[in-house]
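Here is the structure we will look at.
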Amino acid sequence: MKKTAYTTWAGIFIVAAAANLVGESRCEAQTKKLSYLGNSPLRGYDDAPGVGVLIAQPAPNVLAGYSNKTGKWVSYKAPAGVRLIPVLSGAVAGVHSTPPQKEVIAFSGVTGKWVTHKVEGDKAKVGSPVVADGIVFQRTGKHIYAFSAELGVWDVLESEAAASINGGMVIAVTANSISVFSAHTGTWATFKAESD
């Protein structure tokens, strides 16, 4: 059952949805000057129990991330004319940018920091972030960028394999290899099958 609460505070209209079927809580608010999106720490990645993230957006090219673990706000500013779109899950936020930038961007609720990684190759092919289990991953044509909220680091895999998040890992599979990015290590590891 989904319950919705409406509150006003200092002229800001706040809508908070709580107690939905998966046990997560999200809140959103928007005024003429500020909008925000947040996740409560009710349900998140097991390695970050109780860690929540709130992202405020005072301008289309500016994001401010708040971690309830560090108790601090940290800002990220893109060049003028860039629109940033945050995607949140548990203790991590990924960012989609329009037009695509020369870097992928994520916020870790564990470290309380924005972390970027330079994109190799064609920046126009940077996909939208996939966010779950304390991980963000984004694909370009031949690369998969993965971010660990636990460690606050990015790593890149050169592969055109399909990828998905499962149990705190990004898994990319080809006909003769399995590559795994772990939220615990912040790195990719690849197993290659031996040819006959």
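The values are calculated or read from the model by the stated rules, or taken from the named source; none is laboratory data. Note that the coordinates shown come from a computational prediction; the quantities given were computed from them, not determined experimentally. Virtual Cβ from ideal backbone geometry, glycine too; neighbours counted across all protein chains shown.
For Ser177, the requirement of being at pLDDT 95 or above, on the phi < 0 side of the Ramachandran plot and in contact with a strand residue (DSSP E or B) (Cβ under 9 Å, 6 or more places away or on another chain) is not met. The residues of region 161-196 that are more than 28 Å from Lys69 (Cα to Cα), assigned to a loop (DSSP other than H, G, I, E, B) and either under 21 Å from the mean Cα position of the chain (by Cα) or polar (S, T, N, Q) (or both), listed by number, are Ala161, Thr174, Asn176, Ser195. Remark: pairs (first residue in region 157-174, more than 12 Å from Phe137 (Cβ to Cβ); second residue among the basic types (Lys, Arg); Cβ separation under 8 Å; 6+ apart in sequence or on different chains) = Glu158/Lys142; Glu160/Lys142. Taking strands (runs of 3 or more DSSP E) as the structural unit, those lying wholly within region 1-120 and holding at least 3 residues that are over 21 Å from Ala183 (Cα atoms), at pLDDT 90 or above and of a type outside the set (Val, Ile, Thr) correspond to 53-59, 72-77. Looking across region 121-145 at every residue that is within 10 Å of the chain's Cα centre (by Cα) and part of a strand (DSSP E or B), the one that is farthest from Glu160 (Cα to Cα) is identified as Ala132. One residue alone among Lys118, Lys113 is of a type in the set (D, E, K, R), surrounded by fewer than 17 Cβ atoms within 10 Å (Cβ to Cβ) and either under 25 Å from Thr70 (Cα atoms) or under 14 Å from the mean Cα position of the chain (by Cα) (or both), and that residue is Lys113.
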